[in-house]
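See structure below.
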Amino acid sequence: MATARLRGKSYEIRVFCGLDEKGKRLYKYTHWTPDANMTPKQVEKEVERQKILFENRVKKGEAVDGNVRFRDFAQRWMTEYAEPKLAPKTIARYKGLLSRINIAIGHLKLSDIRPMHLNAFYKNLAEPGVCKRNRYDEEGNVIHMGLSPKSILEHHRLISKILNTAVRWELINNNAAHRADPPSVPYQERKCLDVEEVKRMLFLLHGEPMQYRVMITLLVYTGMRRGELCGLEWRDIDFENSTLTISRSSQYIGNKQLITKDPKTKAGIRKLSMSATISALLSDYQRWQEKEKETVGDQWIETGRLFTQWNGKPIYPDTLTAWFPDFLKRHGLPKVTLHSLRHSNATLMIAEGTDIRTVSNRLGHAQTSTTLNIYTHALKSRDREAAEMLDMALNF
């Protein structure tokens with residue numbers, strides 16, 4: 001039996017189609033919008049007719065309805081698919097992308113979307129002025145930028161995910177995004193600091209605020225992610241056994257909201273051995289933090305976190321990200337990202353002969369193949385060294 005309910009200016013009509021293998025109820029949907037000149041009685045009568053028509057189409061296997069507009073379906077996709085399954089940070093990111101996507105194609109019916117619509121949208125995103133972040137030339141003039149190929153590809157992938165769901169739910173027969181032409185992302189070699197640059201950076205950190213010094217040093221020595229660093233609590237530090245446990249991540253999702261989440265995979269939860277240098281540094285930092293608590297007094301909010309705002313609340317991850325480029329610039333260090341310290345850590349471990357499984361475990365990769373793919377260049381260097389060492393050993 002078909003049912004109908006008013007959603008905005010249109011009626012959503014659905015037909016129950018049984019249960020799946022997990023006992024979940026399955027439905028097929030369509031939408032019908034009354035003509036503006038129809039009377040309430042005519043609308044009521046037509047809704048009943050549309051229910052019967054759609055139910056018959058479902059029974060005949062003809063229930064494909066692309067009349068719903070992309071904007072409306074995207075909202076339903078977010079509510080019924082994304083929000084129950086995806087991480088809050090991913091949802092926040094998708095909402096930001098959809099604000100641009102809906103302006104471009106939100107008014108189009110799913111069945112009317114063509115590759116040319118998407119290609120025109122991608123071209124528009126690359127035009128100067130679309131990117132709101134200001135960049136400046138050497139003379140201080142504003143450079144109006146379009147979105148990067150990587151950002152445009154993110155928009156494309158979200159559109160494709162939404163249209164894929166529309167195909168699976170039998171609202172349309174095919175996904176127009178599969179035939180569109182998003183820009184390719186040019187390969188960029190990962191920039192990271194070499195051993196001498198890392199040594200110099202660690203030396204220069206001695207003149208910086210204690211909290212930043214400890215955070216950057218930990219990133220270099222452990223290779224953990226920024227969110228994992230900000231999620232550390234004192235209960236994760238075992239001074240007696242010189243270990244550090246990573247079991248959560250602190251993330252900013254916009255609107256001044258911080259969330260704490262579990263790692264994506266079991267491999268993300270890991271216990272790392274701490275060197276004597278790190279153990280001593282964290283002991284000093286713990287004593288420093290206790291003095292900070294005394295200074296703040298009853299305004300201190302106890303969260304158990306290692307890295308906090310002035311009053312004990314968890315630090316925003318972007319705080320460190322914003323500080324780091326200024327530190328590099330002040331000391332004439334190479335321009336690298338905060339995340340590149342993770343790559344520096346892995347590259348240095350590989351250069352020192354650490355086996356790839358240990359490197360993978362310390363980085364929290366779910367599979368060793370991930371590590372192999374990311375650090376191919378560093379591994380090739382080790383391969384050359386191995387060949388030369390064997391040559392020296394066998395040459396007399």
Review point. Restricting attention to the range 326-333, does a residue exist that is open to solvent by 50 Å² or more (accessible area, probe 1.4 Å), outside any helix (DSSP H, G or I) and among the hydrophobic types (A, V, I, L, M, F, W, C)?
Key: no
Exercise for review: Go through the range 229-275 and give me each residue that's in a helix (DSSP H, G or I) and among the acidic types (Asp, Glu).
Suggested key: Asp236
**Study point:** The one condition in (1) acidic (Asp, Glu); (2) open to solvent by 70 Å² or more (accessible area, probe 1.4 Å); (3) touching a residue at least 12 places away in the same chain (Cβ under 8 Å) that Glu196 fails to fulfil
**Key:** (3)
Review point. Within the set of pairs 6+ apart or on separate chains, which have a first residue in the range 76-98 that is among the basic types (Lys, Arg), a second that is assigned to a helix (DSSP H, G or I) and open to solvent by less than 60 Å² (accessible area, probe 1.4 Å), and C-beta atoms under 9 Å apart?
Key: Lys89/Gly227; Arg93/Leu158; Lys95/Met78
Check your understanding: Within the set of pairs 6 or more residues apart or between chains, which connect a residue that is open to solvent by less than 100 Å² (accessible area, probe 1.4 Å) inside the range 1-29 to a residue that is part of a loop (DSSP other than H, G, I, E, B) with Cβ atoms less than 6 Å apart?
Key -> Ser10/Thr33; Leu26/Asp20; Lys28/Ala63
Point to revise | Residue in the range 58-74 that is modelled with pLDDT of 90 or more, open to solvent by less than 60 Å² (accessible area, probe 1.4 Å) and farther than 24 Å from Phe16 by Cβ present | key: yes
Revision key, fill the gap. When the range 79-109 is checked residue by residue, the ones that are buried (at least 16 other Cβ atoms within 10 Å of the Cβ), out of contact with any helix residue (DSSP H, G or I) (no Cβ under 7 Å at 6 or more places or on another chain) and in a helix (DSSP H, G or I) are Lys89, Ala92, Arg93
**Study point:** Conditions (1) in a helix (DSSP H, G or I); (2) surrounded by 14 or more Cβ atoms within 10 Å (Cβ to Cβ); (3) of a type in the set (A, V, I, L, M); number of the one not met by Ala280
**Key:** (2)
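The values are calculated or read from the model by the stated rules, or taken from the named source; none is laboratory data. Because the structure is a prediction, the values reported are computed rather than measured. Every residue, glycine among them, receives a Cβ derived from its backbone with ideal geometry; neighbour counts consider all protein chains shown. The accessibility values were calculated without ligands, DNA or RNA, using every heavy atom of the protein model including side chains. Shrake-Rupley method; radii C 1.70, N 1.55, O 1.52, S 1.80 Å.
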